[in-house]
Amino acid sequence: MQNPVRVAVDIGGTFTDLQIHDARTGDGHAFKTPSTPHDPSVGLIEGLTGASQRYGFQLGEIGLILHGSTIATNAVLERKLPKGALLTTAGFRDVLEIGRHMRRNVYALKAEPRPLLIPRHLRFEVIERVRADGTLDTPLDLGQLEELVHQLQDANVDALAIAFLHAYRNPDHELRAREFLQNASPNLTISTSHEVSPEVREFERTSTTVLNALLKPVISSYLSSVAQRLAAAGVKATLYLVQSNGGVASPDEAANLPAKLLLSGPAGGAMALGQLAQQHSLTELVGLDMGGTSSDVSVVMNGVIGETQESSIDDLPVRLPMIDIRTVGAGGGSIARAETGGLRVGPQSAGAYPGPVCYDRGGQEPTVTDGNAALGRIIPDSFLGGGMSLKVAEALQSCETMIAKPLNMQPTAAAEGIVNVATAHMASAIRLSLFEKGVDPVDFVLAPFGGAAGLHACAVADELGIDRIIFPSDASTLSARGMLFADLRHDLSRSELLIAADENLLRLTELVTQLRNEAQALLQRDGIAEEEQRIEIAFDMRYRGQAYEITTPCLTINGQSTAAPLVDLSDVLAKFHTLHEQRFAHSSPNEAVEIVTVRAAAIGKLEKPQLTFAVQERSRASGGDKHRSVWIEGQQRDIACIRRDQVVGDIKIKGPALIEEDYTILFIHYGWELTGLPNGDLNCVRSGKEQ
């Protein structure tokens, strides 16, 4: 079998996670290595090399790499971006600064500062105008573009975003401006709004285009480095990049539209959450992905992973389809500090370097990982599969020096305080994510994953009133496992305001047909067989007078079908009223409904691996002879420490207990009981409750 190995790689701020599938045996393996922030491609190659040595395959046998990362996100958060400029329709250069007139403190005399990636002196205007219906109002002034060429060169601008008014209806002026400027400045990176986010709402469309333009050089440079390092290592695999929508894209597509990678890493975790819900026949599941830098919350409702058409990063709007994920700055590396007589944890992170104090790499400030280590909840000699030994004494000392003494408390109390504050942050994020969807946490099952979530899961569930937890196998690298099952995906859209009524059925059919044809052409270009093609059509809908829409599924088109896509609107209207009732607790079936945007998700199904994770049953006698001293609620207790592969059959583990794995550890609290499941996952319920 040629190139039988498939690898998914999730590069985070602290660790690089890998999931490996070898088609020859069907086995799935996990591997974890520290990230290399100075050049993430180094960590990628180190991870592939380490995994090949551990699991006995050659790098040349890798046939497919599915790559997710936080590289785009970190570039924005850390402002490691090239010098950029913005070109707008005359009179609209300040659209980023004006925004939506929203302020956190409505009674403040001045609005809070808005994050701006491009200063005003690099925001330029050109005379041109297209009306809202796409017809021409004012021709494009090419003379002004000639002057702009010299201004951009004098300012040493590397990236340019072009966002003209109503370009989503008629992109002609954006296309002509890009062609003119690209011919004059071949090395200038240019992004246009009609290709990045061809939708209504000028502010969000412009913000997304600016982000895309500034990320282009960053991602292009990274992908070039990856290609060189893979070639040098003898890896000839096909490479795909995981997008925020849960699908994957080719390197060329990702380099052209890098804004679609902003939630690349967390999207893999959400995809894995969806698979977990299917495996256990769960319709309501909330995922907590706690890594080294942050924690991400994703939700499965009614058996479907939540998606959104707009999000933000560092208060910068991003108008692109993506999995609905809420991020909070509470990860294993989140830094704790005494502040104004209290304890604060995060959002600042120690990252991979220097990392937590217990890593012994020069870190001085205590982190959540240091708190757990100081409490005895992490086994120091088996951290990272035995690849790293933690310095527990140093972790406890940092808690004493930086937290306990300033706040006049015991060192272990300070460590427990750090852990409890981080837990409260994560519980609040889950509560907010579910409340805004109109649902109650008590109706959900919790699925913790990532390297650190298992230590906090029971405490988070206690805060939320959740009665059941599913601990997935290989939880530390579950986001990477989700990527193994990703499909190719292109998102297309057309914005045009129409009343959802029979008189507009012909125009809607024309829009859907245009999107269908474009989607089918993209999937054919990607080499996807007709039987593996699927196009999902949806409408952004609202009641007349509302400002925001609900994306409502409309229909699914399989293969290269050319049948008339729409017959009537009754089904999609009924779905919209139901979704509105669910989200806002009311609906108005007799009110006029508007369709703002028509969407198409072009999905090319990739071959799925058949993973097997061997679970070896051991004797009961081997399950409880190891104990550790752990601090719990201010008291030191001796509790059982058990290997995960011992929790099989009808064995039941009552808390408190530690469950040890290669790359993570689970802390089972008082009042919880753990049992094994046939597929290797673990089921944890409150004592006395059976599921």
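Nothing in this text is a laboratory measurement; each read-out follows from the coordinates by a stated rule. All of these numbers come straight from a predicted model, not from anything done at the bench. Because the Cβ atoms are built from the backbone with ideal geometry, glycine has one as well, and the counts that use them run over all protein chains shown.
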For the chain, take the longest principal axis of its alpha carbons; what is the angle in degrees between that and the long axis of helix 142-154, to the nearest 10 within 0 to 90? 40
Cα→Cβ-extended label distance, 7 Å offset, between LYS437 and ALA231, nm: 4.4
How far is it, in nm, from the label point at SER588 to the one at ASP141 when both lie 7 Å from their Cα along the line to the Cβ? 4.3
Within segment 371-394, name every residue whose backbone N is under 14 Å away from a label modeled 7 Å from Cα of ARG643 along the Cβ vector. 382, 385-386
For the pair ASN183 and ARG628, how long in nm is the line joining their label points, each one 7 Å along Cα→Cβ? 6.7
Provide the packing ranking of 538-544, 189-195, i.e. peptides ordered by the mean count of other C-beta atoms within 10 Å per residue, highest first. 189-195, 538-544
Please enumerate, by chain and number, the lysines with C-alpha under 27 Å from the C-alpha of LYS575, excluding those fewer than 8 residues away in the same chain. LYS437, LYS605
Using Cα pairs closer than 8 Å and at least 6 residues apart in sequence, work out the relative contact order for segment 84-215, in percent. 28
Rounded to 10°, Cα long-axis angle of helix 40-55 versus longest principal axis of the chain: 50
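With r as the distance between the Cβ atoms of LEU407 and LYS654 and R0 = 25 Å, compute the FRET efficiency 1/(1 + (r/R0)^6) and round to 0.05. Provide the component values of the computation, followed by the final result.
Values: r = 34 Å, r/R0 = 1.36.
It comes out at approximately 0.15.
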Helix-derived mean residue ellipticity, 222 nm - over the chain, DSSP H n ≥ 4, -39500 (n - 2.57), to 500: -9000 deg cm²/dmol
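Go through 120-130, 244-254 and give me the packing order, highest mean Cβ count within 10 Å leading. Could the numbers behind the result be given before it?
Working: 120-130: 17.9, 244-254: 21.7.
For the peptides 120-130, 244-254, the packing ranking is 244-254, 120-130.
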Which cross-chain or sequence-distant (5 or more) residues have an amide H under 5 Å from the amide H of LEU160, H modelled 1.01 Å from N in plane? ALA85, THR189, ILE190, SER191
Roughly what angle does helix 411-435 make with the longest principal axis of the chain, taking Cα atoms, 0 to 90 degrees, to the nearest 10? 40
Which stretch or stretches of segment 316-331 have amide N atoms under 15 Å from the point lying 7 Å from SER428's Cα along the Cα→Cβ direction? 327-331
Based on the alpha-carbon gyration tensor of the chain, what equivalent-ellipsoid semi-axes (square roots of 5 times the eigenvalues) come out, in whole Å, largest first? 44, 29, 27
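Want the number for GLU530 to GLU112: 0.36 nm per residue separation, take away the alpha-carbon distance, what's left? Present the calculation step by step, with values, prior to reporting the outcome.
Details: separation 418, 0.36 × 418 = 150.48 nm, distance 5.19 nm.
Additional length available on full extension: 145.3 nm.
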Here FRET efficiency (C-beta to C-beta, ASP462 to THR340, R₀ 41 Å, nearest 0.05) is 0.90
So for segment 84-215, considering every pair of alpha-carbon atoms, how many percent are separated by more than 25 Å? 23
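At a threshold of 8 angstrom on Cα-Cα distance, excluding pairs fewer than six apart, so keeping six or more, what relative contact order does the chain reach in percent? Intermediate values should be presented prior to the final figure.
Working: 1578 pairs, mean separation 82.7, N = 691.
Normalised by residue count, the contact order of the chain is 12 percent.
Nearest 0.05, what FRET efficiency do ILE499 and ARG129 give at R0 = 30 Å with Cβ-Cβ as r? Spell out each step's value before the answer.
Numbers: r = 26 Å, r/R0 = 0.88.
The computed FRET efficiency comes out at 0.70.
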